[in-house]
Amino acid sequence: MLKLQNVSKQFDRKVVLDDINVEIKTGEIVSLLGPSGSGKTTLLNIILGLTQLDHGRIIFNDMDLSNVSMKNRGFNIVFQDYALFPHLSAYENIIYGLRNKKGLVSETELQEYIDFLELKPHLAKKIGELSGGQKQRVALARTLVMKPKILLLDEPLSALDGVIKESIKQRIQSIAREYKLTTIIVTHDPEEALTLSDKILIINQGNISQFGTPQEIINQPNNDFVKEFILKQLQIKRQNIYNLFGEKYA
Amino acid sequence: MPNVKIEMRVIFLSIFLLFTVFLLLPLGTLFVRSFETDQGFGISNYLSILSSKDLNEAFGNSIKISSMTAVITTILAFTLAYAVNCTRIYRPIKTVIKTGILIPMLLPTITYGFAIMYSFGNQGLLTKIFGRNLFEIYGFNGLLMGYVIYTLPAAFLLINNSFKYIDKKFIIVSKLMGDGSLRSFLNTIVQPLLGTLGGAFVLSFILSFTDFGIPASVGGTYYVVATQLYQVMLGSIPDFNNGAVIAILMLLPAVFGVLLLNYLEKLNFHYDKFSNIELIQHKCRDICLGIISSAIIVAMLSVFAVMFIAPFLNSFPYDLTFTLKHVLSIFQSSNLTDIYKNSLLVAVLTAVLGTLVAYCSAILNARTSLRGKSTIDIVSMITNTVPGMVLGLSYLLLFNGSSLKGTFTIIILCNIVHFFTTPYLMAKNSLSKMNPSWETTGELLGDSWIRTVYRVILPNSASTVIEMFSYYFINSMVTVSGIIFLVTAQTSLVASEIKELQHFAKFNEIFVLSLLIFVTNLFIKLLCDYFQKKQSINR
């Protein structure tokens with residue numbers, strides 16, 4: 001279990017996160033949802049260990065990781081732009097970290113990851129030759145082979161289009177279930193958060209607006225912000241579909 | 001950006017120390033020495049220099065000729081860049097312009113003067129072809145011609161690069177809006193380039209104002225600041241304190257010029273998008289600019305033609321039979337081959353170490369969150385401002401009594417510092433465009449910071465590193481002004497040896513040595529271009 005206790009952060013005297021308290025169970029998919037500048041990426045970076053917190057504690061499986069370096073926390077991330085190394089092939093990217101941690105995964109396990117993410121036909125390709133969805137899967141494979149204790153995803157679907165988005169969404173859910181991997185996702189899209197996650201942490205101006213399951217958020221919004229930000233957007237989307245295609249699709 | 005690591009601090013401290021000892025301290029010493037008099041400290045050195053008729057005249061001459069050079073160079077460079085970017089002239093002509101313009105950069109400036117003498121002198125190649133003396137070469141005319149040839153490549157590269165960032169779609173829009181040719185030209189080409197044109201003017205001015213090679217060879221009795229400084233320092237009675245004053249005064253236009261360059265940068269337009277459009281057909285424009293630009297290139301290169309002919313003739317221009325004796329005598333002279341080896345050694349070490357220093361500086365600035373990293377930008381501004389002669393002189397003053405005096409080390413260090421700005425900016429520009437998450441990703445995949453730099457950052461910036469190496473190498477081979485105060489009989493280099501050979505009127509040797517520099521630089525340039533191309537194909 002991951003516990004965030006009284007986590008606070010300021011940048012240039014501006015409060016970015018204010019006393020955040022959350023508990024995330026093992027194997028859960030949790031979305032950090034909020035508008036731009038709400039503090040969700042900062043929170044993700046604090047969990048990762050990239051950004052140092054000002055106050056509070058990060059506890060994982062009863063161990064205080066607040067002062068543990070990013071490298072030693074054992075968490076891993078897929079960045080929004082994937083940060084793949086363009087001079088290497090897809091396969092070389094996937095096994096990049098294994099040169100530093102020999103024996104971490106067996107050859108069979110490695111092939112399983114590759115098969116699971118359907119990357120076999122693309123292994124020899126250079127990064128520039130891959131589509132957005134393929135890049136995303138290579139980045140996921142590269143991260144998964146490092147066997148992270150928690151998988152962090154920064155806006156994983158923002159650069160993808162419709163059908164690929166759905167396929168990656170399903171894949172993320174399968175990964176979390178298959179490997180019982182706690183997965184924390186940053187997103188600004190309410191629909192994405194509601195359809196992908198077990199729980200959603202809605203952040204506004206550095207504070208938690210609501211933390212709950214998608215059903216709780218839809219049926220019992222805590223405050224006006226949640227209503228406005230989440231429900232209003234969904235209603236507008238629904239109305240647009242209704243206007244275009246009628247009630248059958250709305 | 002990755003968290004600050006101990007390795008970053010160590011590298012930063014080393015670089016900081018290097019520039020403190022080999023840039024700030026020498027310049028500080030120079031400044032202090034300029035106030036040092038027999039009676040202690042005071043401004044009497046400045047008063048004596050400012051009241052000296054010769055020096056005032058030299059300053060006036062330098063300003064006058066540098067301004068004229070800057071005007072001519074900017075117009076010519078703009079014409080060439082316009083022909084390359086905004087016309088549909090025959091593509092091979094464009095390639096010739098872009099390649100030919102770079103040739104003078106592969107030669108020391110001191111050679112330009114001798115090439116002018118052998119082309120336009122009484123018995124010169126071009127004088128023979130035209131059948132008469134075209135003009136008096138020693139003094140103003142020769143200097144002006146030399147400076148224009150020297151500054152044209154740099155000004156062209158600057159303007160040509162800016163042309164790439166001009167959205168030519170606006171030419172079409174302007175035409176569609178009913179603008180006449182002149183109005184369209186002014187609004188869509190000149191206006192967006194104003195900052196760059198100003199920059200080209202300032203750059204040409206600074207380069208000519210601070211160059212020593214050209215006036216050393218063809219200046220005659222037309223004194224300029226650089227020759228005055230040389231005379232004061234290495235003349236019959238060296239006067240270090242007055243030399244320091246002249247160096248400080250020489251620094252002023254350069255400082256002013258760099259500040260002006262930074263201001264002019266703001267005038268440049270920045271388009272959000274660039275569209276690739278077909279240029280409008282205009283036969284008259286293409287023919288005219290094709291002829292003009294070809295003429296400029298031919299005129300410029302024809303000056304150097306003699307350099308490729310004279311050393312292979314028995315006694316140019318009197319006995320025109322072919323011979324290899326001049327070339328062979330250079331290779332048989334152990335002294336001159338040793339000097340060539342010295343130059344190679346200095347250029348290779350400068351290129352390797354300089355690239356390392358500039359690359360490390362750029363990586364610290366562009367890709368870490370180190371506190372104080374912006375000091376590297378200040379350093380690069382200073383190295384951009386300080387002329388080679390001033391830096392060399394400041395080394396002479398500071399390290400005169402030290403064990404560094406008369407060593408290759410001091411020459412290499414002087415070159416590294418003197419040419420630091422351009423390679424540093426190349427690397428910074430390239431590194432800042434790369435994905436900012438690579439170091440974090442590398443760390444999460446088990447790499448140390450240094451290892452990620454080696455495994456990821458370096459391979460992805462290999463092309464820039466090769467370009468930096470090439471820049472450092474070529475400039476180290478051709479520089480005269482930077483090292484003229486630092487070389488000794490044991491550490492003599494080809495470019496400085498050419499200056500010595502001038503006293504003995506050994507022009508064949510001068511040209512053969514110049515050819516050696518040219519061929520070496522050309523070889524390195526082609527080799528680097530090949531590796532760069534290979535890199536881009538692999539991507």
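The values are calculated or read from the model by the stated rules, or taken from the named source; none is laboratory data. This is a predicted model, so every value here is computed, not measured. In this analysis, Cβ positions are derived from the backbone assuming ideal geometry, glycine residues included, and neighbour counts consider all displayed protein chains.
Residues that are within 14 Å of another protein chain (Cβ to nearest Cβ), β-branched (V, I, T) and over 16 Å from the mean Cα position of the chain (by Cα): does the stretch A:46-69 have at least one?
Initially, the stretch A:46-69 is screened for residues within 14 Å of another protein chain (Cβ to nearest Cβ), giving A:46-53, A:67-69.
Filter once more, keeping what is β-branched (V, I, T): A:46-47, A:51, A:68.
Remaining after also requiring over 16 Å from the mean Cα position of the chain (by Cα): A:51, A:68.
Yes, the stretch A:46-69 has at least one match.
Each row is one residue, and each column tells you yes or no for (1) away from chain A (no Cβ under 14 Å); (2) touching a Ser or Thr at 6+ places or on another chain (Cβ under 9 Å); (3) closer than 27 Å to B:H326 by Cα; (4) aromatic (F, W, Y).
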{"site": "B:H503", "(1), (2), (3), (4)": "yes, no, yes, no"}
{"site": "B:F507", "(1), (2), (3), (4)": "yes, no, yes, yes"}
{"site": "B:I510", "(1), (2), (3), (4)": "yes, yes, yes, no"}
{"site": "B:S514", "(1), (2), (3), (4)": "yes, yes, yes, no"}
{"site": "B:L526", "(1), (2), (3), (4)": "yes, no, yes, no"}
{"site": "B:F531", "(1), (2), (3), (4)": "yes, yes, no, yes"}
{"site": "B:I537", "(1), (2), (3), (4)": "no, no, no, no"}
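What pairs come up if the first residue lies in the stretch A:27-39 and is farther than 14 Å from A:F211 by Cβ, the second is among the charged types (D, E, K, R) and surrounded by fewer than 18 Cβ atoms within 10 Å (Cβ to Cβ), and their beta carbons are under 6 Å apart, counting only those six or more places apart or on different chains?
Note: pairs meeting the criteria are A:G27/A:K180.
Within the stretch A:9-58, count every residue that is touching a Gly at 6+ places or on another chain (Cβ under 6 Å) and either at pLDDT below 90 or over 20 Å from A:D198 (Cα atoms) (or both).
Of the residues in the stretch A:9-58, 5 are touching a Gly at 6+ places or on another chain (Cβ under 6 Å) and either at pLDDT below 90 or over 20 Å from A:D198 (Cα atoms) (or both).
In the list B:N268, B:N242, which residue meets the criterion of being farther than 28 Å from B:M145 by Cα and surrounded by 18 or more Cβ atoms within 10 Å (Cβ to Cβ)?
Matching residue, one of B:N268, B:N242: B:N242.
Residue-wise test of (1) in a loop (DSSP other than H, G, I, E, B); (2) crowded, with 20+ Cβ neighbours inside 10 Å; (3) out of contact with any Asp or Glu (no Cβ under 7 Å at 6 or more places or on another chain).
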residue	(1), (2), (3)
A:V15	no, no, yes
A:K71	no, no, no
A:Y82	yes, yes, yes
A:K102	yes, no, yes
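For A:R137, state whether it is of a type outside the set (V, I, T), under 14 Å from A:F75 (Cα atoms) and at pLDDT 90 or above.
It is false that A:R137 is of a type outside the set (V, I, T), under 14 Å from A:F75 (Cα atoms) and at pLDDT 90 or above.
Please state which of the following conditions A:E118 fails to meet, knowing it meets all the rest: (1) in contact with a strand residue (DSSP E or B) (Cβ under 7 Å, 6 or more places away or on another chain); (2) part of a loop (DSSP other than H, G, I, E, B).
It fails just one condition, (1).
I'd like the residue in the stretch A:73-116 that is without any contact (Cβ under 8 Å) to a residue 12 or more places away in the chain and polar (S, T, N, Q) and, out of all such residues, is farthest from the other protein chains (Cβ to nearest Cβ).
Among those that are without any contact (Cβ under 8 Å) to a residue 12 or more places away in the chain and polar (S, T, N, Q), it is A:T108.
Kindly indicate whether A:I150 is over 23 Å from A:E178 (Cα atoms) and surrounded by 19 or more Cβ atoms within 10 Å (Cβ to Cβ).
No.
Listed here are the residues, each with its yes/no results for (1) in contact (Cβ under 8 Å) with a residue 24 or more places away in the chain; (2) over 29 Å from B:M117 (Cα atoms); (3) surrounded by fewer than 19 Cβ atoms within 10 Å (Cβ to Cβ); (4) of a type in the set (A, V, I, L, M, F, W, C).
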site	(1), (2), (3), (4)
B:P317	yes, no, yes, no
B:T321	no, no, yes, no
B:L328	no, no, yes, yes
B:T355	yes, yes, no, no
B:Y359	yes, yes, no, no
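I'd like the full set of residues that are loosely packed, with under 13 Cβ neighbours inside 10 Å and in a helix (DSSP H, G or I), limited to the stretch B:168-182.
Of everything in the stretch B:168-182, those that are loosely packed, with under 13 Cβ neighbours inside 10 Å and in a helix (DSSP H, G or I) turn out to be B:L176, B:S181, B:L182.
Filter the stretch B:373-399 for residues that are buried (at least 24 other Cβ atoms within 10 Å of the Cβ) and within 17 Å of B:V202 (Cβ to Cβ) and give the result.
Hits for the stretch B:373-399 are B:V386, B:P387.
Can you tell me which residue in the stretch B:479-490 is farthest from B:N342 (Cα to Cα), limited to those that are out of contact with any Gly (no Cβ under 6 Å at 6 or more places or on another chain) and surrounded by fewer than 24 Cβ atoms within 10 Å (Cβ to Cβ)?
B:A489
Filtering the stretch B:508-528 down to residues that are in contact (Cβ under 8 Å) with a residue 24 or more places away in the chain and within 29 Å of A:G128 (Cα to Cα), which residue is surrounded by the fewest Cβ atoms within 10 Å (Cβ to Cβ)?
For the stretch B:508-528, the residue satisfying everything is B:K525.
Being assigned to a loop (DSSP other than H, G, I, E, B) and either touching a residue at least 40 places away in the same chain (Cβ under 8 Å) or closer than 30 Å to B:L157 by Cβ (or both), is that true of even one residue in the stretch B:224-244?
yes
Taking the criterion of being out of contact with any strand residue (DSSP E or B) (no Cβ under 6 Å at 6 or more places or on another chain), buried (at least 18 other Cβ atoms within 10 Å of the Cβ) and of a type in the set (D, E), would at least one residue in the stretch A:212-225 satisfy it?
Looking for residues that are out of contact with any strand residue (DSSP E or B) (no Cβ under 6 Å at 6 or more places or on another chain), buried (at least 18 other Cβ atoms within 10 Å of the Cβ) and of a type in the set (D, E), one finds none in the stretch A:212-225, hence no.
When only residues in the stretch A:145-193 that are in contact (Cβ under 8 Å) with a residue 60 or more places away in the chain and in a helix (DSSP H, G or I) count, which is farthest from the other protein chains (Cβ to nearest Cβ)?
Applying the filter and picking the extreme gives A:P190.
For the stretch B:485-507, indicate whether the set of residues that are assigned to a helix (DSSP H, G or I), of a type in the set (F, W, Y) and touching a residue at least 12 places away in the same chain (Cβ under 8 Å) is non-empty. Full working, then the answer.
If we filter the stretch B:485-507 for residues that are assigned to a helix (DSSP H, G or I), which is where we start, we get B:494-503, B:507.
Checking the rest, the ones that are also of a type in the set (F, W, Y) come to B:507.
Next, from what is left, pick out any that are touching a residue at least 12 places away in the same chain (Cβ under 8 Å): B:507.
The answer is yes, given that some residue of the stretch B:485-507 is assigned to a helix (DSSP H, G or I), of a type in the set (F, W, Y) and touching a residue at least 12 places away in the same chain (Cβ under 8 Å).
Need the failing condition index for B:S463 against (1) crowded, with 21+ Cβ neighbours inside 10 Å; (2) within 30 Å of B:N161 (Cβ to Cβ); (3) among the hydroxyl-bearing types (S, T, Y); (4) touching a residue at least 40 places away in the same chain (Cβ under 8 Å), just the number.
B:S463 satisfies all of (1) crowded, with 21+ Cβ neighbours inside 10 Å; (2) within 30 Å of B:N161 (Cβ to Cβ); (3) among the hydroxyl-bearing types (S, T, Y); (4) touching a residue at least 40 places away in the same chain (Cβ under 8 Å) except (1).
Which condition breaks for A:N21 when tested against (1) assigned to a loop (DSSP other than H, G, I, E, B); (2) away from every other protein chain (no Cβ under 14 Å); (3) not aromatic (F, W, Y)?
Exception for A:N21: condition (1).
Hey, among A:F60, A:F79, which residue is aromatic (F, W, Y) and over 28 Å from A:Q215 (Cβ atoms)? Give the steps one after another, and end with the answer.
Working: A:F60 fails: over 28 Å from A:Q215 (Cβ atoms).
Answer to the check: A:F79.
Considering the stretch A:135-169 alone, what residues qualify as being of a type in the set (K, R) and either under 24 Å from A:L2 (Cα atoms) or touching a Pro at 6+ places or on another chain (Cβ under 9 Å) (or both)?
Within the stretch A:135-169, A:R142, A:K147, A:K149, A:K169 meet the criteria.
In the same structural domain as A:V138 (by TED's automatic domain parsing), free of Cβ contacts under 8 Å to residues at least 60 places away in the same chain and either closer than 20 Å to B:N3 by Cβ or in contact with a Leu (Cβ under 9 Å, 6 or more places away or on another chain) (or both), is that true of A:L65?
For A:L65, the condition - in the same structural domain as A:V138 (by TED's automatic domain parsing), free of Cβ contacts under 8 Å to residues at least 60 places away in the same chain and either closer than 20 Å to B:N3 by Cβ or in contact with a Leu (Cβ under 9 Å, 6 or more places away or on another chain) (or both) - is not met.
Considering only helices (runs of 4 or more DSSP H) fully contained in the stretch B:379-474, which possess at least 3 residues that are more than 14 Å from chain A (Cβ to nearest Cβ)?
B:388-399, B:408-418, B:421-432
Does A:I208 meet the test of being under 21 Å from the mean Cα position of the chain (by Cα) and surrounded by 13 or more Cβ atoms within 10 Å (Cβ to Cβ)?
yes
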